[in-house]
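Take a look at the structure below.
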There are 2 protein chains.
Amino acid sequence: MLTEKDKQAFQDYLTQEGLKFSEQRMQILEIVLQGVKHLTANEIYKNVQKRHPGIGYATIYRTLRLLCEAGLCVELKCEDGICRYEHAADDVHHDHLICTKCGRFVEVVDPQIEKLQDKLFKDNGFLPQRHRMELYGICRQCKK
Amino acid sequence: MLTEKDKQAFQDYLTQEGLKFSEQRMQILEIVLQGVKHLTANEIYKNVQKRHPGIGYATIYRTLRLLCEAGLCVELKCEDGICRYEHAADDVHHDHLICTKCGRFVEVVDPQIEKLQDKLFKDNGFLPQRHRMELYGICRQCKK
DNA sequence: TTGATGTTGAGAATCGTTATCAAAAGATAC
DNA sequence: GTATCTTTTGATAACGATTCTCAACATCAA
Ligand SMILES: [Zn+2]
Ligand SMILES: [Zn+2]
Ligand SMILES: [Zn+2]
Ligand SMILES: [Zn+2]
């Protein structure tokens, strides 16, 4: 799911900030924006190492920060204290259903809930910024 | 807000588990179940130290775990990675509005949202267990 | 008193993440 | 090409919240 557009967007961001594109950054971009989602830094590290042995954790974290700053990637602070990273799909917000047995992440959006959340903000005099909603349960596969 | 009932409930839990009541555990119970809510372990530590100098972090964390197990206290894993502890008010669930400027916590419940969350679980084949919803914004005082 | 068991607090360990810094890589000027 | 400047890299140390370890201590029943 790594499009030429994403690659270009990252390039543009780097240029704009006076930074450079590199082999390592390319590898990390590919892993993070590829199909598998909600990867931890460690999972990304292991994946990148297959193709670029010798990569360091520092480079992983630095690049992840750049990707987030460029708006291509979102960091999820999960309950287990480990951050996961996922492709930021064109500013379309979503929340998560998480299986407590197998760790599966399912992305969900409920426009009604979003509206009610805004109402909660307003009713309490808050200026809305963002929110996080995680629904923990047991998925179909794990129920069996 | 520390009721005799809570104290008794903790005593009962300890007895049932073959554990003992102690001065330190009493101090922590009082701090956590008192008015001020959503305290970090460090805040609890500093509060307890006023009345019981020499208390150790290990005792704070151990007692907090006991309080959670006894169902008297709930641990909130916050976005900043620091856990906060609050009085578990008779199994009445609530979510949080959090001010990103001053850190104020406002407790909210929206029965409609709760229903829609259940629907999300069901629609995706999940067995519901629990959820977490945090709304981040800027509170009335901080907006001015 | 003695033994058994539970509690405590100092300090070490854990672990995800961040900071440090010298070496390497790239770009630019000459 | 070489010199110079800037950025990137990865090994390693540091960080900070939490947990573990363990010897000293408290409690209580026999
Ligand atoms: Zn599952
Ligand atoms: Zn997602
Ligand atoms: Zn505020
Ligand atoms: Zn609360």
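The values are calculated or read from the model by the stated rules, or taken from the named source; none is laboratory data. Since this is a predicted model, take the numbers as computed values, not measurements. Quick reminder, even Gly has a Cβ in these numbers, built from the backbone with ideal geometry, and neighbours come from all protein chains shown. Please note that ligands, DNA and RNA were not included when accessible areas were found on the heavy atoms of the full protein model with its side chains. Shrake-Rupley method; radii C 1.70, N 1.55, O 1.52, S 1.80 Å.
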- request: Consider B:Asp90 carefully, then state whether it is loosely packed, with under 15 Cβ neighbours inside 10 Å, modelled with pLDDT under 95 and within 16 Å of ligand 3 (Cβ to nearest atom).
  value: no
field: Wholly within the range A:1-120, helices (runs of 4 or more DSSP H) carrying at least 3 residues that are away from ligand 1 (no atom under 16 Å from the Cβ) and closer than 30 Å to B:Pro128 by Cβ
entry: A:41-51
Hits in the range B:93-144 (condition: open to solvent by 70 Å² or more (accessible area, probe 1.4 Å), facing another protein chain (nearest Cβ under 9 Å) and hydrophobic (A, V, I, L, M, F, W, C)): B:Leu127
- line: Exception for B:Thr63 within (1) over 30 Å from B:Lys20 (Cβ atoms); (2) surrounded by 15 or more Cβ atoms within 10 Å (Cβ to Cβ) falls at (1)
- line: Counting only residues that are under 22 Å from B:Glu107 (Cα atoms) and of a type in the set (Ser, Thr, Tyr), the range B:30-77 contains a total of 1
field: Top-ranked residue in the range A:1-41 [being among the charged types (D, E, K, R) and open to solvent by less than 70 Å² (accessible area, probe 1.4 Å); ranked as nearest to DNA strand D (Cβ to nearest atom)]
entry: A:Arg25
- prompt: Would the range B:76-85 turn up any residue that is away from every other protein chain (no Cβ under 13 Å) and modelled with pLDDT of 90 or more?
  reply: yes
